[in-house]
Every structure is written in C-alpha cells, then in structure tokens.
Amino acid sequence: MFRRGSTTNSAPVIAPATTGGPSMKAGFGEVSPYLVCSILAAVSPLAIALALLTSDLLPVGSSIYVYLDAAGKDPVGLHATAASGCLLLVAGYLFDAHKWTSDFGRQAFRFLAAAIGALFMISVLHLTEQAPSLPIICGMSLNVLVVVALRSTVLRHRAVEEFSLAVSLAFGFLSACLFVFWVLWAFTPLLGGLHSPWSPELMAKVNPLTVFVLWCSPFIQAVGYSVVAVFAMLRGKVHIPENPDEPLDENSTMYVKGELKLILIGLGFSLMAAWIAASLAAQDSHLSLTVQRLAVAMITGGALYLVGSVGLERVIKAAKDSESVKICLGICQSCWVKGTFLMVFWPLLPFVLLLEFVHQQVRICTLGSSAMDPTEEGDGPMWLPEESRKFLREVRETHKAQVLSASCWVGVITCTFIMVGRFVTVFLAFVAEYSAVLSMGSILAVLFAVGLLLFLLPPVPGVPVYLAAGIIVTQRSLASGSSFSRGCLIAIGLSFVTKLTATALQQKMIGAPFANSVAIKRMIGVHTPAMKAVRHILGKPGLEMGKVAVLVGGPDWPTSVLTGILGLPLGEMLVGTTPVIILVAPIVLTSAYAQRAALETAEAAKVSTYIANIWGMVSVLLLLLGNTSFVFHMQTVLERHKDDLDTFEKDPQEELVLASVKETEAEEEYILKRTTWRFLPGWLQMLLYFGSFCSSGMLHLLVFPLPWEPFQVFTLRSRMSDLPGRNPLSLINATGWMAFNMCCISLIAAVIFLFYRRSLGHGDGKADEKDERSALLQKNP
C-alpha cells in the first residue's frame, strides 16, 4: 500500500532516513514525531470533513444522503458512469496503457487511471440507497490515497518500517479521536446526538439503514481507520532488516517475505470475515452483507496488492527461503483453489476470450508482425496475446479432471453450508415460537439440549445458537415480569455454559477417538508445518494470546475436534476457551436488543435498534481481530522454527504418518496418470464439464446479487406462520430450487468420477505402462 514507485537497478529503492532518522529496529518510540504530525496533518482535514458530511451532526449530512438516494433511483446516471469507466478501462487494457514508457505516456496513464477511478467511485455512490456506508468507504479510500501520494513524493526517502509505524500512529490517533467524538455525541447530552429526534421528512426520504449510518458514521470511520492502523503497524513490524545499520531494500527477499506475511494475515482475516458473515445471516441480513462486502474487498485488495507491490515472480523466488510462502503457494496451486477460481469465473470465460481476441488484433495493428511471434514452440493460437497463450499453456499442464472435480465438490460444500444455515434459522425460530409457553427452567433446558445438538453438527457455527438464546430467554424474562437485564445475563450464562460443554464433547467424543488414527492424522496433516504451529500455539499453558485467539475466534466444530485429534489436555483447552464470554456477550446482546425493539414503541425501538446494531458490529470486530491475531501468531511460529521443522512439535505417530503419506502419494501418482484428460472416456469428460458448469451456476444463484432471491426473508424473530403453509421447504424460492438441482448434478458428477478413480485400483510397473499405451492407441488409432 505504501510502496514507492519503481527505480533503476543501480540505485537503492529506499535511502537511509533523513536527518534525525532512527535506527532500523522497529518500535513506536523511535518514530519521528515530525513524521507522525506530517501524516496526521495530511489526513485529518479529509477525515474531519467526512465525519461532518456523512453524519447527522450537521444538516448537510442528511441532505447529502437524500441527494445520493435520489440519484441512485435514476438508473441512467448509474449506467452512464459505470459504462464510461468500463470503456476507459477496456481501452486502456487493449492499448496496453500500463506499458507506456515515455514521459508523456506515463502521465497519460496516470490521468487515465485517475479518470477510471473517479468514474467508478461515482458509480459506487449511486448505490448509496442499497449500501449507505459506501460514501464513508469512498472517503476513507481517498485518505489512504493521500498517504500513498505522500510516500511517493515528499516522504519517499523514509525507511519502510519507520514510515509504516508513523502511519499506524497517525491513523490510530485519528481513530481514537473519532470514537471519543462519536461517544460524546451519540450517548451524552453534550452534543445532543442521542436526543435529536429524526424529522418525519427525513424518515420518509431515506430508509432506516441510512438513518442508522448517519447516526454512527464517526464510529464506522473509527473502525476503518483502526484497520488501516493495524495494517500499517504489521507492515512496520514485518519489515525489520537483518542488519540494523542498513535500510531495507525493496528488491530484497527479506522485503518480499515481509509483504507476503502481511498478505497471509489479510487473507486469513478475509476468509474469517466470510465465515462470520454466514453466521450473522440468521440475525441481520444487512450486517451480513456488509461483512461479506468487507471480505470480498479484502481478498480483491490483497490480490491487487500482491501483484502491484510484490509481483508474482518475486513471490516464487522468495518461496525457496520461506516456509510460510511455500505453504501459501502450495495452497494457491492446489486443485481446490483452481477449482474454486473456475467455479466463480466460468460465466466470464466467453467475454474474456472475446476481449483477448480484440486485444491481439489491436496489438497487430500497432506492433505489426512482432505481436504474432510465439514465446516458444507450440505456444498456442496466434489469435490470442502472448500472456493468454502462456496462460493456456499452464492450463494444458493442469490436471483438468482433478480441477473440474474439485470445482464440483466446492460447489456442493458451499450449497450445503448455505442451505443448512438457512434451515437452522427456521429450526431455531420454531423452537422460539413453541417454547414461549414454557417456564424459564424448561426453556433453558430445551435451549441447552438444542444448542449442544447444533454444536455437534460440522456445518453449524455457534453464532446462531447465541443469537437464539438472546431472543428466546429475554422474551420469556420480559413476559414473566422480570427485568430485561436479568434475561440478558441468563442468556449470556446459558450460551457460555453451552459453548464450554460442547467444546468438551467435541474434543472427547469426536476428536479423541481418532487421536491414534494414522489415516485421520494424515488427513489433517499433523506432519505439516502449519499444523505443527497450531499444536505449538494450542499446547501453551494458561491464557496465551495466540491460543485464546484460535480457541475463541476460530470455527467452533473444527477447532474443538482438532484439539481432540492432537491429544491436547481438555483442562487447558477449556481454560483457553473461557475468554469466549467476551465474544458471546455482544452476540447475545445484539439479538436481545433487537427483540426488545420489536416489543417497544417506535421512539424507544429506535434506540434499542441502534444499540443492537452497535453490539453486532462489536461482535464482528472481536471475531475478526481474534482470527487475525491467530494468523499472525501462526506465521510468527513458522518463521521462528523454520530451521528445525523436522523435529519441532513432532507427533508420536509422525513416522507412521509420513510412511502413510508416501504410500498415498505413490497411489495418487498412479491414479493421476490414469485419469489424465486424454485417458478419460468422452462421456466422463462431458459429465465433469457439465458438473462444473452447474456448480458455477449454483454459486451465482445463491451468493451473488441477482434480481431473483433464492430464499424467503426469514430471521430468528420470524414466525412459522410467515412461511406459506407453515412449510419449512417454502423458505426456498424457485431460484433456490434451481440452485439446489444444480448442486445435485454437481454432486452426481463428482461422485461418479470418485468411483471411476477407485475402479482403477493400484498399479505397478510395466502393467501400468501397457495400460497407458493401450489408452493412447484407443484415443489415437
């Protein structure tokens, strides 16, 4: 994010710090106050203006949102700006604007990039009615660009770690100021934020979500700037030069390893954000969609940052010296990741081929015959550009059958988790409706039993269980004449006890029986560096930070079962899990206040709804911070023990596991040879393609925004009577049934290929070669 522009090879990328520069040992106390104040002076005006223009502190804030909401209802403006941005982007790509090397060409490229960015930002602002937080996100993005501009100009000679830590301090201070300002305005009479009634005119012009964003805009910005501060701090911490007396060269392997460590942390943050979004879908679809957008933005930004700041060639080179980079590259090059990529981008393939064809014709017109020269023999069709031909060559070398099969399985797993999550919501709503007539003791017993049952199911996260407890227990408490606070305390205590009991059952009843199973240990990879790092973190006594992060913030079922398989002591795991109450309480309070709002008058319900949304955002932040901390701790352990991984945290059965891995690898190598694409029968090839297509269609119908909703709107506060005929299956709309049928087709294709693999048996020696020759003769008589 803060990388300088490229320099020549003869000059160092980063010169030593200017006058008064600190030593290269990263530390906040050694950062120049002048540097921090300079960055703060550059970003503060925009941050203050953004807080005033997007909140209801001034009348202009609501006026801006009314204008943006009205602009969003005019599709002509949205389509015009989006189309203009796309046309400029396509034109820049077709004419290879990024390769213009002259001074005029570089200036033209910068102008083109700025115009494209401005058009897309205007297009995004047209969607404010659907996502009121977009103006805030755009404003914060501009502030980040201000920091990039500072780095590229007046602060380009500062060391990487010093500049990153200064950015962290500046944005951290800005975040704290915005948070204090919001608390004083929203919760005290000092600025009158809480007591200012919304005018009926405003409520008639904007939706309730926009009103909420106007109320908590400074808080949203504080959260965003805190994320930037953490990112910058981690960047400063990972870029510590080996020689404290010399600055860190951005072309060095040390720098690339630090950047990759940062990207790995961001990737873990993004994946856990997606998991949290799925967990929150039962309570609040708006908050769930917000977290999903955050996850997608983080993954997209990480990919762009990887390509722009590091470069793929330097990543591959650095993998030779970094165990964590090897793990990351191995994951990225696996059939599962390729299958997932294929599943997402299948619909775009025809458009990409058409674009690449036009791209090559433009190159032929501008470069002449040089655009037709292949990079090497057999490089592919000449009607495609050089980069596309290289990509096709890599595709030809990929095991197509494995990738297509993986895309089918990924689609089946995705559909299963989505469907199970929806029906768990229906089940919990059913329990809430029919337990309303029970006594408090009976309700607690029913919720405890149901919670344990759901915790023991792999696809069910713990968040819906906590949300259901907040709704049902507080509702029963108010109905019996007890206080709301007492109901909240009982719900939090019940959720906490259920979580600890489920942790013990998952570890001892599911994980422990497989503690001596070589096959299961091979499957989870106890011999791999990543799993050894996890064992090392979880095996630490007491409430160690990394241990608490994974036990509290990690997915419930996989984490607890893993501790049983690894044979870790139950007492230590329960002690490490006890801080989960810090996470359970905000989730329970989110649903409790939402339920309270449904029973109150309009004016009182407004305050309860705001508090429920605040608790929801707090719970999301706690989950994300916990998982980010775990990824960072795991990366630190891997780097610390990279030289002794063979003996580090060695499992008692590791030799047997490694022997089993070698045997499995030999069998898999034989299977891979026999399932090479040219050896497969034509009907199976067509079936795998069709299954992968269906998997892609299912994903786009269920996950991506389309005019046709796959499910009825149903939350934990809904009633069974809200479903047509009180039938749980009526939750699924026609689009959802279409996606389900596509999932079934993908499952059939994957299962048939699985049985075909198993029918090949085990091969050895010359018999295998004879079978391969026979298959080739059948294909090419």
Any chance you could look up the accessible area of residue 655 with a 1.4 Å probe, heavy atoms only, rounded to 10 Å²?
110 Å²
Calculated FRET efficiency, residue 142 and residue 355, Cβ-Cβ r, R0 35 Å, to nearest 0.05?
0.70
Provide the FRET efficiency to the nearest 0.05 for the residue 365-residue 341 pair, computing r from the beta carbons and using R0 = 22 Å.
0.10
Placing each pseudo-label 7 Å from Cα in the direction of the beta carbon, residue 729 and residue 157 end up separated by a distance in nanometres of 7.5 nm
Which order do peptides 498-507, 73-82, 588-597 fall in by mean Cβ count within 10 Å, highest first?
588-597, 498-507, 73-82
Please give the solvent-accessible surface of residue 708 in Å², to the nearest 10, using a probe radius of 1.4 Å with every protein chain present.
150 Å²
Just to confirm my numbers, what's the Cα centroid distance between segment 112-146 and segment 542-590 in Å?
38 Å
Could you calculate the contour length gain from residue 741 to residue 621, that is, 0.36 nm times the residue separation minus the distance between their Cα atoms, to one decimal place in nm?
39.6 nm
Mean Cβ count within 10 Å, highest first, over the residues of peptides 420-429, 674-683:
420-429, 674-683
Nearest-0.05 FRET efficiency for residue 656 and residue 93 at R0 = 60 Å, using Cβ-Cβ distance, is 0.70
Residues whose placed amide H lies under 5 Å from that of residue 711, excluding near-sequence neighbours
733
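The values are calculated or read from the model by the stated rules, or taken from the named source; none is laboratory data. Since we're looking at a predicted model, the values are computed, not measured. Positions of Cβ are backbone-derived with ideal geometry, glycine not excepted, and every protein chain shown enters the neighbour counts. We work out accessible area using only protein heavy atoms, side chains counted, and drop any ligands, DNA or RNA first. Shrake-Rupley method; radii C 1.70, N 1.55, O 1.52, S 1.80 Å.
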